[in-house]
Amino acid sequence: MNIGLEHYLAVSMLLFCLGLLGVIARRNLLIIYMSLELMLNAANLALVACSRFTHNLDGQVFVFFIITVAAAEVAVGLALIVALYRKRQTAHVEDLTLLKL
Amino acid sequence: MQDALFYLFAFLTLVFGFLVVANPFSRNPVTSAMFLVLAIISLAGLFVLLHAFFLAAVQVLVYAGAVIVLFLFVIMLLDLKAEEQRKLKAAGVAGGVLAAGALLAIFLASLWAASRDPAAAGGADAPVLEGGTRALAKLLFTQYLLPFELVSVLLLVGMVGVVLLSKKDLK
């Protein structure tokens, strides 16, 4: 059986759902962040697969931009986590109840 | 051959992705970061199978090279020994499984409906589009020149933001 667009999209969807599971179920900020990266990578895979099977390079350029933005996002996010840890001595979402009434 | 490689890389990506999210043996963030490296490298293998050679290289360089190192630095800075003993909340895990399962059901149903549509079939036998450096660069520096420049500004803004955030007395 030939490998088609559907196969790649199925892998991408499974990876995205794994990332979502991590974001919701895990309580460590760093692991939540890694799961976010997993979700971004799943989107990248879907874009590259669509670009390959529709014969259009635009998808790959888009993935290039996504990777750049993700790198900037990781830098800022990790700086935020470090700043938070300095203030509250925790990287655990259950301890961050400042906005809770 | 290509089919076997696809199944191999897809399987590795999903297994390593699962071990990032829910490792049954270790709750240490360092283990998760290491499995994230492996998942990203297997994903780069899938990119090669899709003829996106430049993106595969960038994926390994930027993610496995830069992003994971940043993660490891932060894990080292934070010293999260006490976090490992924490229990996972059953409600959180159940909610996560429910949400991810529902999303997966929607995805697979839409994929199944789309694959039964005869108009969408085909495409794989047409000439292969090579995502090498030359083709991508041509597109990047002509049609996508403005977004390319804006991304450089974004990186600068990100850098300034990180420097500001990591100052000692954050107001």
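Binning the alpha carbon pair distances of the stretch B:129-171 at 5 angstrom intervals from zero yields the distribution 5, 20, 15, 14, 13, 10, 9, 7, 5, 2, 1, expressed in whole percent.
Take each complete run of DSSP H in chain B, measure how far its Cα atoms stretch along the helix's own axis, and keep only those covering 24 Å or more with mean Kyte-Doolittle hydropathy at least -0.5; list them.
Values: long enough: B:2-21 (28 Å, 1.99); B:29-49 (30 Å, 2.34); B:90-115 (37 Å, 1.87); B:145-165 (30 Å, 2.55).
Passing helices, by number: B:2-21, B:29-49, B:90-115, B:145-165.
Each Lys and Arg Cβ is given +1 and each Asp and Glu Cβ -1; about its Cα centre, the stretch A:5-92 then shows a dipole of about 540 debye.
To the nearest µm²/s, what D does Stokes-Einstein give for chain B at 10 °C and 1.306 mPa s, using the Kirkwood radius over alpha carbon pairs as Rh? Each step should come with its number before you reach the end.
Details: Rh = 20.2 Å.
Using the Kirkwood radius from Cα pairs, D works out to 79 µm²/s.
Seen from a random direction on average, the alpha-carbon convex hull of the protein assembly as shown projects onto 16.5 square nanometres.
Along the axis of the charge dipole computed for chain B (Cβ charges of +1 for Lys and Arg, -1 for Asp and Glu, origin at the Cα centre), the listed residues B:100, B:28, B:49 are led at the positive end by B:28. When only the Cβ of Lys, Arg, Asp and Glu is charged (+1, +1, -1, -1), the dipole of the protein assembly as shown relative to its Cα centre reaches about 1040 debye.
Projecting the Cα atoms of A:22, B:10, B:151 onto the charge dipole of the protein assembly as shown, computed from C-beta unit charges around the Cα centre, puts A:22 farthest toward the positive end.
If you wrap the tightest convex hull around every Cα atom of the stretch B:1-82 and split its volume per residue, you get 71 Å³.
Would you mind giving the mean number of other chain beta-carbons within 10 Å of the Cβ of each residue in A:86-93, as a whole number? Mind dumping the intermediate values first?
Values: counts 5, 1, 0, 2, 4, 7, 4, 1.
Taking all residues of A:86-93 together, the mean is 3.
Which order do the peptides B:159-167, A:80-88, B:25-33, B:42-50 take when ranked by the mean count of other beta-carbon atoms within 10 Å per residue, highest first?
Working: B:159-167: 13.2, A:80-88: 15.2, B:25-33: 17.2, B:42-50: 22.9.
Packing proxy ranking, top to bottom: B:42-50, B:25-33, A:80-88, B:159-167.
Across all C-alpha atoms in the stretch A:5-92, the radius of gyration and Dmax reach 15.5, 51 Å.
Mean per-residue shielding of peptide B:100-107 is 5, counting Cβ atoms of other chains within 10 Å of each Cβ.
Assuming R0 = 30 Å, what is the FRET efficiency of residue B:163 and residue B:76, from their Cβ-Cβ distance, to the nearest 0.05? Don't jump to the answer; show the numbers that get you there.
On the way: r = 20 Å, r/R0 = 0.66.
My answer for the efficiency is 0.90.
The helix-only estimate of mean residue ellipticity at 222 nm for chain B, built from DSSP H runs of length n ≥ 4 each weighted as -39500 (n - 2.57), is -22000 deg cm²/dmol after division by the residue total. When the solvent-accessible area of the protein assembly as shown is split by element, carbon and sulfur atoms take up 74 percent of it, the probe being 1.4 Å.
The values are calculated or read from the model by the stated rules, or taken from the named source; none is laboratory data. Just so we're clear, the structure is a prediction, and the values are computed from it rather than from any experiment. In this analysis, Cβ positions are derived from the backbone assuming ideal geometry, glycine residues included, and neighbour counts consider all displayed protein chains. SASA here: full protein model, heavy atoms, side chains in, ligands and nucleic acids out. Shrake-Rupley method; radii C 1.70, N 1.55, O 1.52, S 1.80 Å.
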